[in-house]
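Take a look at the structure set out below.
Readers should treat all values here as calculations from the given coordinates under stated rules, not as data from a laboratory. On a predicted model such as this, the values are computed, not experimentally measured, just so you know. Note: ideal-geometry Cβ built from the backbone for every residue, glycine included; neighbour counts use all protein chains shown.
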Amino acid sequence: ADETRPRLQGTLTAWELKAAGIPVCLIADNAGGELMREGGIDLVIVGADRIAANGDTANKIGTHLKALAAKAHDVPFYVALPSSTFDFGIKNGVKEIHIEERSSDELLYMYGLDENKEVKKIRVAPEWTGGLNLGFDITPSKLITKLITERGAFAPKKIGEFYKIEQWIENNFRVFCL
């Protein structure tokens, strides 16, 4: 599991994998490409925050680089998502999905305990530099082996068939809320 800087969300992923009985090792964010080159990674599975109609995928920053490394080293690259993540109103994710810019403080500062066990904020970057902290990136569908949903796995180019199924369900079933 990648550490996922700057928020270190990979530690949560590692905990979830361990809780599920899956062996896990936490690695530095940019170690994935080298491990793929060495043959130490069999496949990559990432999540998604949004999927466009063409299969382009928005996810945490760094996902696109992992997909490029996977492609370069013939490692299958999967995106796991609930079907509610599809946004069929967006035709082309690379062109239409807005990338959130988060606070540069997440890069420039860290929090930790001082000698009195009090939480302190310290600057870890030089005073003369600013920071650019993009929250997400877009992985083009051509880099994705398959999308994995609760209804099965399929190649991004098959989204149209998935959408037809979703449309059929919406047109033929009513959901009643009490």
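In percent, rounded to a whole number, the relative contact order of the stretch 74-163 is 36, using alpha-carbon pairs under 8 Å and six or more apart. Axis angle, to the nearest 10 degrees, between helix 10-19 and the longest C-alpha principal axis of the chain: 60 degrees.
Taking every alpha-carbon pair under 8 Å whose residues sit at least 6 apart, the chain reaches a relative contact order of 22 percent. For the stretch 1-43, what class follows from the C-alpha gyration tensor (a ≥ b ≥ c being the square roots of its eigenvalues): rounded when a/c is under 1.5, otherwise prolate if a/b is larger than b/c, else oblate? In terms of gyration-tensor shape, oblate. Exposed loop sites here are trypsin sites (Lys or Arg not before Pro) in DSSP loop states with at most 12 other C-beta atoms within 10 Å. What is the longest stretch of the chain lacking them? The longest uninterrupted stretch comes out as 1-90. First check a/c for the stretch 34-116, with a ≥ b ≥ c the square roots of the eigenvalues of its C-alpha gyration tensor; if it is under 1.5, answer rounded, and if not, answer prolate when a/b is larger than b/c or oblate otherwise. Because a/c hits 1.5 or more and a/b fails to exceed b/c, the stretch 34-116 counts as oblate. Just checking the listed ones, F77, F136, F154: in the Gaussian network model of the chain with Cα springs under 10 Å, the one fluctuating most is F154.
Would you mind working out the magnitude of the charge dipole of the chain relative to its Cα centre, with +1 at each Lys and Arg C-beta and -1 at each Asp and Glu C-beta, to the nearest 20 Debye?
520
Residues in the stretch 1-27, backbone N under 13 Å from the label point at Y111 (7 Å along the Cα-to-beta-carbon vector): list them, ranges by number please. 7-8, by backbone N distance to the label point.
What number, in percent, do you get for the relative contact order of the stretch 1-74 if the mean sequence gap of Cα pairs under 8 Å and at least 6 apart is divided by its residue count? Value for the stretch 1-74: 24 percent. Using a simple spin-label model with points 7 Å from Cα along the Cα→Cβ vector, what separation in nm is obtained for W15 and F88? Once both label points are built, they end up 3.7 nm from each other. Between the helical axis of 63-72 and the longest alpha-carbon principal axis of the chain there is an angle of about 70 degrees.
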